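A.B. asks: Pasting in a structure now, in structure tokens, and then I'll have a few things to ask.
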Amino acid sequence: MSMESALNHTRLFDVSQSGVVSLVSTAKDFWMSLSWWQIVVSAIVTILTYDQVMYQIRKGSIAGPKFKVWPIIGPFLESLDPKFEEYLSKWNSGPLSCVSIFHKFVVIASTRDLARKILSSPRYVKPCVVDVAIKILRPTNWVFKDGKEHVDYRRSLNGLFTPKALEIYLPVLEKYMDIYLERFCAYEGPREFFPEFRELLCALSLRTFCGDYISDEQIKLIADNYYKITAAMELVNFPIIIPYTKTWYGKKIADETMNIFADCSAKAKKYINEENGEPTCTMDEWIYLMKQARDNKAEDPSSKLLIREFTDKEISETIFTFLFASQDASSSLACWLFQIVADRPDVAEKIRAEQMAVRSSPDEPLTLELINKMTYTNCVVQESLRYRPPVLMVPYLVKEPFPVTEDYTAPKGAMLIPTLYPALHDPEVYPEPDTFNPDRWLNPTGDMNKRSWLVFGTGPHVCLGKVYVMMLFTGMLGKYVMNSDMTHHKTELSEKIKVFATIFPKDDLIMEWNKRDPLAASA
């Protein structure tokens with residue numbers, strides 16, 4: 001480079017440097033000249049603009065509001081009082097639709113095939129339930145584990161729902177079915193059965209899971225308090241837990257409940273390991289399987305240890321997720337199932353006729369063999385699950401950009417929600433889908449009980465307790481219809497759907513029950 005070129009370069013650098021200094025100085029002077037309210041307004045405008053721009057980028061071509069009408073919060077206030085009709089409208093708006101609330105971008109998939117794709121794509125998504133769930137259920141909970149860690153954990157739980165294990169749970173289940181049926185028939189006049197069924201199903205679940213290690217007082221406490229946990233599990237929550245709000249109470253009660261379960265686990269370990277007891281509940285069976293695995297390993301060091309040692313804390317968290325998964329869904333099923341049957345005398349009579357045909361006597365104890373003979377009763381349960389599926393949607397978190405369709409990729413960090421209801425009301429698979437028809441299950445065809453049967457999900461997170469649910473409700477429906485007369489007091493809201501985590505009749509199901517002698521009635 002010549003001397004002249006070097007000098008020119010230096011002059012250009014000095015001019016450039018001078019320009020930058022001048023620009024910085026001007027910017028500084030401008031900033032200093034702004035009043036505090038101008039700064040606040042500028043910040044708000046910047047945040048709102050960013051929020052709208054990011055919404056447009058994430059939305060792409062899928063259905064959804066053109067703009068966020070309520071900046072930042074989006075339809076948060078609407079989500080506090082979710083309405084089934086609004087969900088239905090969203091599903092009908094397109095295969096994929098979206099909303100954006102606070103920091104969370106939510107994509108809703110409403111077709112069967114998209115739902116199945118999402119549920120079967122652990123590479124891209126993982127369950128998140130709702131945003132606040134990880135705080136309430138604890139980050140260490142197994143439902144939030146991913147990949148091989150989740151598979152290994154789940155494999156250790158499979159033994160809790162085998163036919164052998166289910167047979168163990170039936171005596172305690174039937175005992176408490178009888179206790180609550182006596183209570184229902186002792187009530188004078190009609191009453192709301194939404195809370196009654198919630199307590200019934202909570203008691204059945206807790207006795208199945210914890211046996212006699214949990215007291216009646218503790219069951220009543222959990223049943224009464226669990227409503228607050230459900231209330232905290234709204235689809236969209238405020239990003240942080242604020243003291244004395246629904247989410248704060250939900251976490252507090254969840255922690256107290258898990259502490260009760262940890263104490264039950266310690267008692268079960270003593271009974272199985274030290275007293276060589278025989279399993280009578282889920283905790284017993286789990287600890288018995290651990291003991292078997294230890295004994296097999298001691299006898300044959302080369303054998304594969306399938307059941308690792310689980311701590312009381314791990315067991316308590318897992319049992320709590322079993323309750324979380326079963327309580328609201330099973331309460332929903334109970335409400336719709338008994339309302340539907342009470343409103344259809346022809347269905348009730350067919351159930352009664354079948355019960356008398358398959359039983360040696362009305363007092364014959366429930367067994368898996370007996371329940372498996374209740375073909376029509378089982379069809380009624382299955383049709384109720386299709387007609388009014390307790391779980392409408394299953395929220396997942398996108399771990400990495402997910403090409404959901406050829407035209408749309410869900411962004412990392414978004415909530416992706418496969419919807420189950422449309423698949424179960426597809427007229428091509430279920431003719432007259434809005435008609436309750438249990439006879440359709442006597443000879444299911446096509447995708448009825450295959451690709452479209454998404455009641456229990458599909459893929460790596462398919463419901464562990466699906467066989468247990470069918471066993472429980474088939475046995476309970478048969479027993480209750482055979483031994484009682486049920487009257488449903490209809491209102492204008494009876495067929496309307498209330499969304500409260502799962503779905504319920506909007507009038508909270510007003511019924512009355514009276515004892516029935518099956519032998520006298522059939523004579």
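A.B. asks: Suppose the chain between residue 123 and residue 297 were pulled fully straight at 0.36 nm per residue; how much longer would it get relative to their current alpha carbon spacing?
C.D. replies: In short, 59.3 nm is gained.
A.B. asks: Only sites in a loop by DSSP and with at most 13 other Cβ atoms within 10 Å count here; which GluC sites (Glu not before Pro) in the range 246-353 make the cut?
C.D. replies: 275, 309
A.B. asks: Between residue 167 and residue 40, what is the FRET efficiency for a Förster distance of 60 Å, r being their Cβ-Cβ separation, to the nearest 0.05? All intermediate terms of the calculation are to be shown ahead of the outcome.
C.D. replies: Details: r = 68 Å, r/R0 = 1.13.
The value I calculate is 0.35.
A.B. asks: May I ask you to derive the FRET efficiency for residue 517 and residue 432 from their Cβ-Cβ distance with R0 = 30 Å, giving the value to the nearest 0.05?
C.D. replies: So, using R0 = 30 Å, E works out to roughly 0.25.
A.B. asks: Measure off 7 Å from each Cα along the Cα-to-Cβ vector at residue 89 and residue 215, then give the distance between these two points in nanometres to one decimal.
C.D. replies: 5.1
A.B. asks: Something else about it: Between residue 245 and residue 66, what is the label-point separation in nm under the 7 Å Cα-to-beta-carbon projection?
C.D. replies: 3.3
A.B. asks: Can you bin the range 171-219 into rounded, prolate or oblate? Criterion: square roots of the alpha carbon gyration tensor eigenvalues sorted a ≥ b ≥ c, rounded for a/c under 1.5, prolate for a/b above b/c, oblate for the rest.
C.D. replies: Prolate, since a/c reaches 1.5 and a/b exceeds b/c.
A.B. asks: Taking a cut-off of 24 Å between Cα atoms, list the lysines near residue 515, but don't count ones fewer than 8 places away on the same chain.
C.D. replies: 175, 350, 479, 490
A.B. asks: If you take the beta carbon distance between residue 467 and residue 346 as r and set R0 to 22 Å, what does 1/(1 + (r/R0)^6) give as a FRET efficiency, to the nearest 0.05?
C.D. replies: So the FRET efficiency works out to roughly 0.20.
A.B. asks: What is the spin-label model distance, in nm, from residue 49 to residue 361 if the labels are put 7 Å beyond Cα along the C-beta direction?
C.D. replies: Going from the residue 49 label point to the residue 361 one covers 8.4 nm.
A.B. asks: Taking a ≥ b ≥ c as the square roots of the eigenvalues of the Cα gyration tensor of the range 351-454, is the shape rounded (a/c under 1.5), prolate (a/b larger than b/c) or oblate?
C.D. replies: Here the range 351-454 falls in the prolate category.
Each value in this text was obtained by applying a stated rule to the coordinates, not by laboratory testing. Because the structure is predicted, anything quoted here is derived from the model rather than measured. Every residue, glycine among them, receives a Cβ derived from its backbone with ideal geometry; neighbour counts consider all protein chains shown.
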